[in-house]
Structure formats: structure tokens, C-alpha cells
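What follows is one structure encoded as C-alpha cells, with my remarks underneath.
What follows draws every value from the coordinates through simple rules; no lab data is involved. Owing to the predicted nature of the structure, the values given are computational and were not obtained by experimental measurement. Glycine gets a Cβ as well: all are built from the backbone with ideal geometry, and neighbour counts include every protein chain shown.
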2 protein chains.
Amino acid sequence: MTTFSEATALAADGATAELDPGWAVGDKLHGGYLMAVLGRAVAGRSELPHLLAMTTTFLRPPAPGPATVTVDLLRAGRTAGQYRARLEQDGRPCAEALVTQGTLDSSAAWWGRAKVPDLPAEEDCLRLTAEAPGSPFTVPLLDLVEHRLDPACLGFAVGQPSQDGRVAGWLRLADGADWDPLSLLIATDPAPPVSLTLGITGWAPTLSLTAYVRRLPAPGPVRVLMTSSEITSGRMDETVEVWDSTGALVAQATQLAGVRV
Amino acid sequence: MTTFSEATALAADGATAELDPGWAVGDKLHGGYLMAVLGRAVAGRSELPHLLAMTTTFLRPPAPGPATVTVDLLRAGRTAGQYRARLEQDGRPCAEALVTQGTLDSSAAWWGRAKVPDLPAEEDCLRLTAEAPGSPFTVPLLDLVEHRLDPACLGFAVGQPSQDGRVAGWLRLADGADWDPLSLLIATDPAPPVSLTLGITGWAPTLSLTAYVRRLPAPGPVRVLMTSSEITSGRMDETVEVWDSTGALVAQATQLAGVRV
């Protein structure tokens, strides 16, 4: 098993990644994983320690193996640095990102109205497996990122898709590492897509994903809630909240994905 | 009065914009306006007609007057084209965006769970004025984009800030034009920021704003609902839904902004 840290490491040149085949959904590398590789390259270039915001546009899926990451500074500020990061393979661009880097802490909210998602205790949720009976493809990612989902989201797996448009559960890194601002990017793109819970079995390729990291996560599992507003004209939005084990909001994300209905 | 169309026009070279001083909040040009200028430049380069998704990182505020827009194609697909767009002034980058271009229609949702926001009829809402008594700055934008807000959001204006974190109202372009996928970018960044409704009177500079346009809007005003999840460590998220006069979801957005509390 490759740990998150190993799978996102860059060579000494700070620009060469070795994309790991385990961090995949079907035969495609996971979007959150590619974001984490880009985010790690930015962190290596910045004087500010943490990723605050990142939008990644996915251009073409890279294959496992060597890839090149290029980081350009757009603006260096005292409290925020802004960067462009680009992932290429065989000279072809695979993803491009805009990243804001800064400093996170564990402060309480000055004001907030978000509520920690209501879901069963971790031990009452069901762990997804990489090879599920009837699944259209294997999900190697699920061996590396433990997804324990609210059984209420899992009707699709027994031929009873829901109309709720909700995926909720507990996530842990299988290597035992605590979550950090980079690995939280993985949690902002959980499995399965909302479309699958609605009975759409095809691939839902992300066009663009935006993640905000709001504070340093406490040790322990995170709770993830993913919802969608609409599936219209072959496109689906998905919104994700990630909450740490103390019930603090640690990350938020939104993505636009393609679906075939 | 400069119309939206005039204020976002590019010179015959397709790369020179004349940033209009009217599209401003205080002495800063409005983020949605700058996004529309970038979006128009992308549309001029693409074979696909409509903006589907756009994330803009704001680097430094440009001044009214000439600015240069550079558009780079990242990937041309049959149904989606992906671009990088950059706004510069006096050789300094002011904003950079990732844009997905495609084709919108007016289809009904295949599935949806979003609900049109509950707010009073347009005539029962209160129109914001560019120069409000007690406001820390003038908002010229409000002469060009009519904001009629739910009175329930306006306690802050009489010294009674709310704890709701909600801004809701009806928007129309004062030039009488119907909304289109580019002008909807203006509506994804409505006034005032949620922070002001909570009693934070300072500037809330957008670090990054992500907008999705979901369908072609019907003629007439749009309804806008903006909420926030949390203000933590000097940063605020804001989420926006834009609904057309028929009650269809036409755009969504999320932004991360700085606030001083």
C-alpha cells in the first residue's frame, strides 16, 4: 500500500511526480489525488504553509507514472500567495489549477450557520469496498481511503436508487495518517458521485472542482456530506462539506461534472 | 449610463478592454464585472457559445481605463472548451481565470432538489441606492444593476445587523437588457456581502470566485440568494444561487473572501 504522503511526493527537483495507480476510480486517477499532487508542489514553492483555496480544471486524465508539475507565482502577499499549477504528462496538459496559499489555524468560528451533518455513528456505517458486486468498475481508491457511508445513501447498490441526491459518511486514510490540509483535498471528492446514488451508472467526469480549506483538522476521521442541486443538460453540480472529529468545518468544495442521463 | 454590453466590450483586437468606472463598489471595480470582461474575451475565441464554469482569482484591483485580456486555449473538446484568461493593466496581472465554455439550453432538470428561494414579491423589496446614508462607501454598481432586497436582510442599514447570514432579492440590469450567461456573472456577486449584514462594515475582498451557469435565463428579473457557512480566521465563504423569472436555477457560485473582524 502506498501512503498518501508517498503517493503525492515530488522528486528532489520539486517538479516530477510519480502518479500512483492505487489512487484511482476505475481506470482514472482520482481528482482529489491529482489536486493534492498539485497542492504539494505549490506548498514547496510558497513561504506560506497551507492551502486555502484551489480550483482545478481537468483537461485529460493522466496515466499512472511520471508527470511534471509546473508552478507559477501570480502574486505574493503577506497573508496570501496566489499561484498557477499545471500537471503535464508526455508534454500534454492534464490539469491546471489556481491556488491560494496562506496560514490556517484551529480557531473557533467568529460566526457560523453550517451544522455538522446528521449521520449514523461511524461503526453503524458501511465500508465501501474496492470491488463491489455489480459495480461497473473497481475503485482502488477505496482501499486507501476508507469510506464508511450512511446506509441511507446505499440503496443504489441493491438496485434501489434514491431521489435524495445525498452522499454522507466517515472517511479515514487507511495508512493511519491524520488528515491535513493537502489530504483533505481527497475528502472533497468522495465516492460515489451523487449521480450513482440516483441510478446513473456511467462515469461522471469532473470538469472543474473548487475546494476551500477552512481550518486545521483535528486527529481522527472526517465526516463528509455531498449533495447536488440539479442535473441538467448532462451536467451535475456537487457541493461537499468536510467536518473533523470535533465537529468543526474543515473544508468545503463544489464541482461541476458531466453525466450521461 | 454605460450598458453592460458597452462596459464589457473589447476592442477590435479582441484583447483590449476599457474598464468602466460605473461598475464599481466603493473605489474598486466589481468582481462580477471583471469576470464578465474575461468571459467575453473567452467567448470571442471559442467555437462554443456559452460560459459554463469560471473560477477567477483576484490578484490586485485594476483601475478604470484600458486593460489587456489574454486568452489561452487549454483544451478544445467537442462539447467543452477549456481556457485560461488573464486581465492585466500596466503590465501587472490583476486577475486570472479558468473557464469552461460549452452550450447551454433551457431544458428542465433531469433531477433536482434545489428550491427557488422564498422571498417577498419584487415590488415589496427595497431598492438599494448607490449612496446610502451611513454607508462606508458609495456603490456606483447599484445604479447599473438594480438590487431590490428582501427587507429582512436590511437590518444592518439601521444599525440592527442580523445573525442570519443571508442576502436575498431581485436583480435587474438598469439598461433594460435581459440577463444572459455573461451578465449572470454580475448576479453571482451581489451586494452587500454577507459580512455587512452581520455588522462587519469593512471591505470583503474576494480571493477567488467560482461561478457555474446552468441554463439560459428567461427574460425578466432574477432572484438571488446568498448565504455563508462560516467566518473563521478572517475568511468568509459565500454561496449564491440565481433563479430566473420562471423559477429555474440559472447560475450558482461560491467565493472565498477576506474579512476583518
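Within straight-line reach of B:K28, meaning a Cα separation under 18 Å, sit the following aspartates and glutamates at least 8 residues removed in sequence or on another chain: B:E18, B:D20, B:E88, B:D90, B:E96, B:E131, B:D143, B:D189.
Need one word for the range A:86-139: rounded, prolate or oblate. Basis is the Cα gyration tensor (sqrt eigenvalues a ≥ b ≥ c); a/c below 1.5 gives rounded, then a/b vs b/c decides. Oblate is the answer for the range A:86-139, as a/c is 1.5 or above yet b/c matches or exceeds a/b. Taking Lys and Arg as +1 and Asp and Glu as -1, the other residues whose beta-carbon sits under 15 Å from that of A:L209 total -3. For A:S162, the point set 7 Å out from Cα toward Cβ sits 3.0 nm from its twins in the other copies, listed from shortest up.
Label-to-label distances for B:G112 across copies, nearest first, come out at 3.1 nm, using points 7 Å from Cα in the beta-carbon direction. Sort shortest first the distances from A:P64 to its counterpart in every other copy, using label points 7 Å along the Cα-to-beta-carbon line, and give them in nm. Nearest to farthest, the other copies are at 5.9 nm.
Here's the picture: charge each Lys and Arg Cβ at +1 and each Asp and Glu Cβ at -1 in chain A, and of A:P140, A:W243, A:L73 the one pushed furthest to the positive end of that dipole is A:L73.
Using C-alpha pairs below 8 Å separated by at least 6 residues, the relative contact order for chain A is 18 percent. An oblate overall shape is assigned to the range B:56-127, the ratio a/c of its alpha-carbon gyration tensor axes (a ≥ b ≥ c) being 1.5 or greater and a/b not exceeding b/c.
Label-to-label distance, B:L126 versus A:R92, with points set 7 angstrom from Cα along the beta-carbon direction: 5.8 nm.
Inter-chain Cβ neighbour count for B:77-84, averaged per residue, equals 3 (cutoff 10 Å, partner chain atoms only).
Taking Lys and Arg as +1 and Asp and Glu as -1, the other residues whose beta-carbon sits under 12 Å from that of A:L225 total -2. Relative to the longest principal axis of the Cα atoms of chain B, helix B:31-45 runs at roughly 20 degrees. The lysines within cross-link reach of A:K115, meaning a Cα-to-Cα straight distance under 26 Å and a gap of 8 or more places when in the same chain, are B:K115. For the range B:28-153, just say rounded, prolate or oblate: build the C-alpha gyration tensor, square-root its eigenvalues into a ≥ b ≥ c, call rounded for a/c under 1.5, and beyond that prolate if a/b exceeds b/c, oblate if not. Note, shape of the range B:28-153 comes out oblate.
Note on chain B: helix-only mean residue ellipticity at 222 nm, from DSSP H runs of 4+ residues weighted -39500 (n - 2.57) and normalised by residue number, equals -2500 deg cm²/dmol.
What do you get for GluC sites (Glu not before Pro) in the range B:55-145 restricted to DSSP loop and a cutoff of at most 15 other Cβ within 10 Å of the site's Cβ? Sparse-neighbourhood loop GluC sites (Glu not before Pro): B:E131.
Taking the inverse of the mean reciprocal distance over all distinct Cα pairs, the Kirkwood hydrodynamic radius of the range B:1-58 comes to 12.2 Å.
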